[in-house]
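Novice: So that we are looking at the same thing, I have put the structure below in structure tokens.
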Amino acid sequence: MTTRKKYTKEFKLDAVSLVTDQGYSRAEAARSLGINANMLCRWVQEEQSGDGQAFRGNGKLTPDQEENRRLKAEIKRLKKATVFFAAETK
């Protein structure tokens, strides 16, 4: 089984720059870089999304994802407290 190849943020930004700034077609740029054209298309879309979160890296959450994680942990804690206090009142 082959391992998944990882590309650095700089490589991705350079690849996207070939398409957006230098006028290469996506297929042409992908072929010259030795990557899949669909992957390059996804990188271009992620960069052009405009939210400033492109190519964060593995495990780095967006602010919305971080808030969701925090809120879920708080809900879990509050449920435990509810069970505890419900048992105390019996």
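No lab work stands behind these numbers, since they all come straight from the coordinates. What you see is a predicted model, and the numbers here were worked out from it, not measured in a lab. Positions of Cβ are backbone-derived with ideal geometry, glycine not excepted, and every protein chain shown enters the neighbour counts.
Novice: Enumerate the calculated ³J(HN,Hα) couplings along region 29-35 in order (Karplus 6.51 cos²θ - 1.76 cosθ + 1.60, θ = phi - 60°), each rounded to whole Hz, writing x wherever the residue is Gly or Pro.
Specialist: With the stated coefficients, region 29-35 comes to 5, 4, 5, 5, 8, x, 10 Hz.
Novice: Where Rh denotes the Kirkwood radius from the mean inverse Cα pair distance, what is Rg over Rh for the chain? Spell out each step's value before the answer.
Specialist: Details: Rg = 21.8 Å, Rh = 16.5 Å.
Across the chain, the Cα-based Rg/Rh ratio is 1.32.
Novice: Same structure, new question: Using per-residue counts of other Cβ atoms within 10 Å, averaged over each peptide, order 61-71, 27-37 from highest down.
Specialist: 27-37, 61-71
Novice: For Asp21 and Asn68 in one chain, what is 0.36 nm times their gap in residues minus the Cα-Cα distance, to one decimal in nm? Walk me through the intermediate numbers first.
Specialist: Numbers: separation 47, 0.36 × 47 = 16.92 nm, distance 3.59 nm.
Extending this stretch completely gives an extra 13.3 nm.
Novice: Which residue, chosen from Phe11, Thr62, Ala29, occupies the Cα position most advanced towards the positive end of the dipole of the chain, where the dipole is computed from +1 (Lys, Arg) and -1 (Asp, Glu) charges on Cβ about the Cα centre?
Specialist: With unit charges placed on the Cβ atoms, the residue in question is Thr62.
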